[in-house]
Every structure is written in structure tokens, then in C-alpha cells.
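The values are calculated or read from the model by the stated rules, or taken from the named source; none is laboratory data. The model shown is predicted, which means the values in this text are computed figures rather than measured ones. Counting neighbours? That spans all protein chains shown, and the Cβs are built from the backbone with ideal geometry, glycine included. With ligands, DNA and RNA removed, areas are computed over all heavy atoms of the protein, side chains included. Shrake-Rupley method; radii C 1.70, N 1.55, O 1.52, S 1.80 Å.
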Amino acid sequence: MKKISVIVPIYNVAPYLRTCLDSLLDQTYTDYEIICVDDGSKDESGRIADEYASLYSNIHVIHKENGGLSSARNAGLKIATGEYISFIDSDDYVASNYLAEMAKALDEGYDYAECMNTAFDETGKKWEYGYQSSREISEYDYATRPDLLIHVAMFVRGNMYRRELIEGVLFPEGLVHEDIYYSSILFSTVKKIKKVMNTEYYYLIRSDSIANHASIKMFDMYQIMQEIHEYYETHKHPYPLLLSKTYVRTFMVAVLFHKAAHLSSEHHSTRKEMCKKAYRDLQRFYPEWAKNPLITSKEKIAVRLLAYPFLMEMIWKGAK
């Protein structure tokens, strides 16, 4: 049995933290540690984590100044001792067989395992969650089979990784959309991914979460995309079609076309400038993007529209 390190970043989640930790303590797997990283919480979250650590020897708590989600995950990675690593968000929870089933996949030789997410809101209502595919993946080469990569989630919550796969790979601190960077970097080396269908990760959609607020921070995605491109170029990795697909779907369509519609008026000029930069860099980094079979016709149309600020102003106004 391999030891698992579960890293739980914590920031102002007092109403949800006990549910998260209770689900981790209720696991059928036995050899694991829970690393709670209190990222400068201003509520009772840190005290709750300490309370659990005083009762359970496999729970460890780090208290640090607020540095954001990436900083907290990196702090957890620095002290993790497990051969397998899993990231759990502190307002979410997992099924009791989560660790056992995910570890079983890695024991079978997979580089990392991904389970399905069940999304729900604070009222308990389940949401349709369209960001994951149940398509099974066994083996693939990232450069020659990008069609398989499109079925892999671009977030790290609810995943479990072999330690050697992520050794030395850190989350970019101070930026949001850090999962996109982390996943894209791993795609350059990973060979086998397992979709674990007989366990669940329960993902809470909070009305006050970072992901659900339109703010200027959403444009951190631009820097994330720059750093991904630089990484592949520096390490002389070929650019799989997935990178241009991610640039289009996650940045240009999801962020610029949709979320940017809800920015306040003070950021409208930044929004327009970001569209220019994004389209320019898409053409520069991925000149063959329009021929990419992974990019849908609707996505291609949205990208073309982003090149015309006056049209986008009307679209954003209508969306808002």
C-alpha cells in the first residue's frame, strides 16, 4: 500500500471545512496524510483545522500568510511525504472509497487518475457539469494523439498523481487559472491517464467563489497562456493541437467572449486591449489554429468576432 498525501488549501471556508475533513477521515484507505494549509484565513477555518489535527495524527496543519490558492498548494507539496498526491478543495468533499479507487488506478501503472465531479450549489441542487468527459483513456502520446487529450479535465481537484510525475512542478503564484498551467505542463510528459468511474468528487459551486466573479483577475489567463507556450518552447516540446484548443476554448471563448461581458465599465478598455493581444498571439503562436480539428466551428466563429471590437461591444452589451 502506497502512502497518499492529500493537500487541502484553506481560506475562509469555516461553513464547509468540517464536511470536507470528515469525508477524508471516512476513507476506506488507511495509509494517508491530510495536509491542511491555512492560507491566512480570517474566519474560524484555521482553528477548525487545528482542532482536527489535535484529534487525528494523520492531519497536519500549516498556517501561513495569505498568498492565494497556488501558494497554498505549493506549501503543501513542500512537506508532502506520500508517493501519491491528491488535491482536494476545502469546500468540497469526496466519497468514502475515493482514495482507495484512485490509488488502485495508480497501482495499475497509470500516471494519474481522474474521477468524475458531481457539482452542486449551496442549496444542495445538482448542476449540469459540462467540463468533463467520461471517455476512457488508457495510453496515448501527447504529440500524436491530441484527440484523446481533449477528454481530460484541465483542473487538478479530484485527481491523484504519482509523486515522480509532478516532482518539481509548482503552481504559478499570484495568478488565477493556475490549474490550466499545471495540467498543460503535465501533458508534456504523462503517458497514461485513468478515468475512475466508481467513485465521486463532490464540487461545490459557491456564489462567492473566484471562478464565478467577473473581475480583472480573469485576464491572468493571458499570462498563464504565455508561460505555457514559453515552457514548451524552452523544453523543445512539440506543440500538440490541445494547446491551441485550450487557448481558444478556455481563454478566448470562455474568458474573453463570455465572462468578459460582465466586467464593470472601468475595465472595458482593458477588455478591448486584451482581445487584440489574444488574437495577435493566437496567430503568432498557433498560426494553423483555424485548421485544428479539435476547435469547433462555433469556437472559430467566436474567435473571428473577437477581432472586431465594435461587434464585440454589441455582443457584450447584449449578454450583460
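Provide the per-residue ³J(HN,Hα) series for the range 163-173, in order, calculated from phi with Karplus coefficients 6.51, -1.76, 1.60 and θ = phi - 60°, each as a whole number of Hz, with x at glycine and proline positions.
Couplings: 4, 5, 5, 9, 4, x, 9, 10, 7, x, 7 Hz.
Mind pulling the angle between the C-alpha long axis of helix 297-306 and the longest principal axis of the chain? Nearest 10 degrees, somewhere in 0 to 90.
Its long axis makes an angle of about 70 degrees.
In degrees from 0 to 90, rounded to the nearest 10, what is the angle of the helix 98-107 Cα long axis to the longest principal axis of the chain?
The angle comes out at about 80 degrees.
Among 229-237, 242-250, how do they line up by average Cβ neighbours within 10 Å per residue, starting with the highest? Could the numbers behind the result be given before it?
Numbers: 229-237: 12.6, 242-250: 22.9.
Final packing ranking: 242-250, 229-237.
Here are a few candidate values for P(r) over Cα pairs in 20 Å bins from 0, in percent: (1) 31, 58, 11, 0; (2) 25, 38, 28, 8, 1; (3) 31, 62, 8. Which one was actually calculated from the structure I just gave you?
Recomputing P(r) over Cα pairs in 20 Å bins from 0, in percent here gives the entry labelled (1).
Placing +1 on the Cβ of each Lys and Arg and -1 on the Cβ of each Asp and Glu in the chain, which of 75, 303, 96 has its Cα farthest towards the positive end of the resulting dipole?
Farthest towards the positive pole: 303.
How would the range 68-113 be classified by its alpha-carbon gyration tensor: rounded, prolate or oblate, with rounded meaning a/c under 1.5 and the a/b versus b/c comparison settling the rest? Walk me through the intermediate numbers first.
Values: a/c = 2.57, a/b = 1.42, b/c = 1.81.
Taking the square roots of the gyration eigenvalues as a ≥ b ≥ c, the range 68-113 is oblate.
Would you tally the net charge around residue 277, using a Cβ to Cβ cut-off of less than 12 Å, leaving residue 277 out, and scoring K and R as +1, D and E as -1?
Value of the local net charge: +3.
Residue 189 accessible area, nearest 10 Å², 1.4 Å probe?
The value for residue 189 is about 70 Å².
Taking θ = phi - 60°, what integer Hz values does the Karplus form 6.51 cos²θ - 1.76 cosθ + 1.60 yield along the range 278-295, in sequence order, with x for Gly and Pro?
Rounded to whole hertz, the list is 4, 5, 4, 6, 4, 5, 6, 7, 10, x, 9, 4, 5, 9, 5, x, 7, 8.
Order 269, 41, most accessible first, counting only protein heavy atoms with a 1.4 angstrom probe. Before the final figure, lay out each step's value.
Numbers: 269 85, 41 25 Å².
These residues rank, largest area first, as 269, 41.
Report the relative contact order of the chain, percent, no decimals, based on alpha-carbon pairs under 8 angstrom and at least 6 residues apart.
17 percent
I need the shape label for the range 192-289. Rule: rounded when a/c is under 1.5, else prolate if a/b > b/c, else oblate, with a, b, c from the alpha carbon gyration tensor. Write down the numbers at each step before the final one.
Values: a/c = 2.35, a/b = 1.03, b/c = 2.28.
Because a/c hits 1.5 or more and a/b fails to exceed b/c, the range 192-289 counts as oblate.
With runs of 4+ DSSP H residues as the only contributors, calculate the mean residue ellipticity of the chain at 222 nm using -39,500 (n - 2.57) per run, divided by the residue total and rounded to the nearest 500.
Helix-only estimate at 222 nm: -11000 deg cm²/dmol.
Taking square-rooted eigenvalues a ≥ b ≥ c of the alpha carbon gyration tensor, is the range 157-209 rounded, prolate or oblate, where a/c under 1.5 means rounded and, failing that, a/b exceeding b/c means prolate?
On the way: a/c = 2.45, a/b = 1.12, b/c = 2.20.
In terms of gyration-tensor shape, oblate.
Can you give the % of DSSP beta bridges in the chain that are antiparallel, to the nearest 5? Write out the running numbers ahead of the final one.
Details: 11 of 39 bridges.
Percentage antiparallel, nearest 5: 30.
For the range 1-50 and the range 238-262, what is the separation of their C-alpha centers, rounded to whole Å?
32 Å
How tilted is helix 69-79 with respect to the longest principal axis of the chain? Cα atoms for both, answer in degrees (0 to 90, nearest 10).
Between helix and principal axis, roughly 40 degrees.
What is the sum of charges, Lys and Arg at +1 and Asp and Glu at -1, for the other residues whose Cβ falls under 9 Å from the Cβ of residue 68? Present the calculation step by step, with values, prior to reporting the outcome.
On the way: positive: none; negative: 39, 173, 178.
Summing Lys and Arg as +1 and Asp and Glu as -1 gives -3.
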